[in-house]
Structures are given as structure tokens and as C-alpha cells.
1. How much length would be gained if the chain were fully extended between D253 and E78, taking 0.36 nm per residue of separation minus their Cα-Cα distance, in nm to one decimal?
2. Sorted by accessible area (1.4 Å probe), largest first, how do D323, D107, D147 line up?
3. Probe radius 1.4 Å, ligands and nucleic acids ignored: give me the carbon and sulfur share of the accessible area of the chain as a rounded percent.
4. Which of the pairs K23/K176; K31/K223; K23/K251; K42/K151 have their Cα atoms more than 23 Å apart in this structure?
5. Calculate how steeply helix 195-204 sits against the longest principal axis of the alpha-carbon atoms of the chain, using the helix alpha-carbon long axis, and give the answer as 0 to 90 degrees to the nearest 10.
6. GNM, the chain, Cα, under 10 Å: largest mean-square fluctuation among S284, S206, S92?
7. Counting other Cβ atoms within 10 Å, keep those with at most 10, restrict to DSSP loop, and tell me which GluC sites (Glu not before Pro) in the stretch 156-259 are left.
8. Counting only C-alpha contacts under 8 Å and six or more residues apart, can you give the relative contact order of the stretch 171-215 as a whole percent?
Amino acid sequence: MKGLILSGGKGTRLYPITFNRAKQLVPVANKPVLFRVIEAIKDAGIDDIGIVIGDTGAEIRQAVGNGSRWDVKITYIEQDAPLGLAHAVKISHDFIGDERFVMFLGDNVIEGGISDLIRQFASSDWNSQIVLTEVDEPQHYGVAELDNDGKIVRLIEKPRTPPSNLALVGIYMFDKTIFDAVHAIEPSWRGELEITDAIQWLLENSRTVFPFVHRGWWIDTGKTVDMLDANNRVLAELEHRVDGYIDRDSKIDHLVTVARGAEVINSVIRGPAIIGEDCRIINSYIGPFTSIYDHTVVEDSEIEHSIILDNSRIVGIPNRIEDSIIGRDVEITYSPIKPKAYKMVLGDHSKVGLL
């Protein structure tokens, strides 16, 4: 089997974090989501992976390279415009050939990986296997309706009145018949070739599509609240270790990771939390469910339930920062000089809460 990762799209729901950065490279527990997807596919025994890229393709190429760090082969497939998931399959035909493959959205995080699913599909005669999970707002997803025997009745993309709460997770397995489907369907009202329409075509043309209902957690990291939730869940599952320096005036618990080159000075860190490479935490408190990425300084400040990206400085903040995502190369400081005022330089789509 081969792997196909979709890594296009602008990530507008995560602005301004993704204003000039690929959404798939935003880290969860200090590891880009796209890297987690590559690892999940590799762990399932697949080492030939295609990545469909769009406007952020140059950044994806630079970050992922040729795949040697995961011992996989990476092939890049350029998509000129975001014309739908089925369009991404269509333009990947030369890479896939006649082999079976798994398609994985590059901004998804799923509990437990996909190894069991891949083994199940590889040993079957199914034409497709789709992964479903129960969601609270199915109208925002592709939705499957099942009969009493658990077989698929129909699939609908973002229905106004969903027939069920079972959403397509963003992990699909196909054989070569999917290429007949993507060539047969027409663009939807959104102007896209929908993967739900392609799978519906398989059903209507007597192909076998097996629905697997995933009972663990799954997160589409498309929004800020989802990114924080994914960070929480992955931090809670990590095997934590300390490779950096902790001075004797600091206190950390067993659910804290401190990467190499990092220093924790006169500070308290309560996990689950992760401190990246070459960070400096000085006279500060880092609370649960916080990820601080590489080369960041936190001094005389408190942070909890947040994601701080690389090369940032947070110094002397009198109130605790929480429920936040702070981007790269950000500086947040406090000045006691009067007159007191808020002084900011904020980019497009920024959100600030002041007390």
C-alpha cells in the first residue's frame, strides 16, 4: 500500500497563526501535526508516501524534505487550487498507480493510530474503508447514514439537516476503483470534487465500502479550540522525560518533558506540559496542558493551558496567560513606566483579551 497526505489549504480558521504558515506545521505537544500523520502512516508499515501541496508547498517541502528522518520516501504532488479532496485523489493517480492506498488529512490527530485499520483493509476484498466518528455538529462535515445492519445507506457533504451524527474523520482507504469514481463525478455547489460524492458513486456502482466507527478521540485541528484540545490529549499520552537542566530551586512533576538544552530556573512546572529545546523558564509558573516550543524565553510570568510557538519572549507579565496560542517570534513584555497604557502591534485576524 501507499500513503497519500493532503496538505494544502490556507488554514483560514486558524488565522493569524496560519497567516504565513502551513496549518499542518502548527505543533501539537511540540511536534507539527503533519509529522504525526507521517509517523502514523509509517507505523502502519507504509513507507511510500505522497503529499499533496498547495500555496504553502515550499514550506512543507522545507520542513519534511525527502522523508529520510522517518525512513520513508516522500513524493510531492502539486495542486494548483483547492478543488476538493476527490480532486486531490484525481491528480495523484500517477503516484498511486493501481495500488491500494490510505488517504489521511494532514491536519488531523487521532487516538491510537491507523495500524489496525490498515491491516484490516489490506487483508480484505473491500474497495474502500472509511472512518467515522460521532460529532456534536455534523452539519460541518461529510456525514454517513447507516442502516440497522451498520451498512452505509448514503453519504452527504455538510448537510443542512444531517441524517446522523457520524462524520467522516478524514482517513480513507481505497483501491484503484476510486479513480473511476473521481472521474465520473461532477463538482458540487462549492465548485469542488467532493470525496463523499466519489464514495457515494462507489456505493451506487456496487462497490464495497466498509464503515469503521472510531470510538476513541479524534480532532480536526482547524480551529483554535480544537488545536488546544488536541494539545491537551497528546500531552496526556506522552511518555515524559527530562533531558534539560532543572535547578534545585525549581519544582516539576513526572508529567513534564524538558527537552535538551532547555533550562528551568527557580520555576514551577505542573504537567502534563512540554518545554522545547533551548528554552529558558525563569522565575515562572508553567501550568498543565501547556506546550512551549523551541528557543522561547518565559521569565517572571505564568502560563497555563496554552501553546507557545518558537523563538518567542514572554517577560514580566503580571496576569496569568491561559487558553492561548501565541505564534512564532512574538514578544510580550510588561513595562511599569507611567502613563499606563496598552501598546500593541497586531496583525490581521488577531484576537486579544484584556483584563
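The values are calculated or read from the model by the stated rules, or taken from the named source; none is laboratory data. All figures in this text were calculated on a predicted structure; none of them were measured in a lab. Using ideal geometry, Cβ is built from the backbone for each residue, glycine included, and neighbour counts are taken over all protein chains shown. Quick note on the areas: whole protein, heavy atoms, side chains included, nothing else; ligands and nucleic acids left out. Shrake-Rupley method; radii C 1.70, N 1.55, O 1.52, S 1.80 Å.
1. Extra length available between D253 and E78 comes to 58.5 nm.
2. Per-residue accessible area, sorted high to low, gives D323, D147, D107.
3. That fraction is 45 percent.
4. K23/K176; K23/K251; K42/K151
5. 30 degrees
6. S206
7. Sparse-neighbourhood loop GluC sites (Glu not before Pro): E239.
8. Working: 23 pairs, mean separation 13.5, N = 45.
Relative CO of the stretch 171-215 lands at 30 percent.
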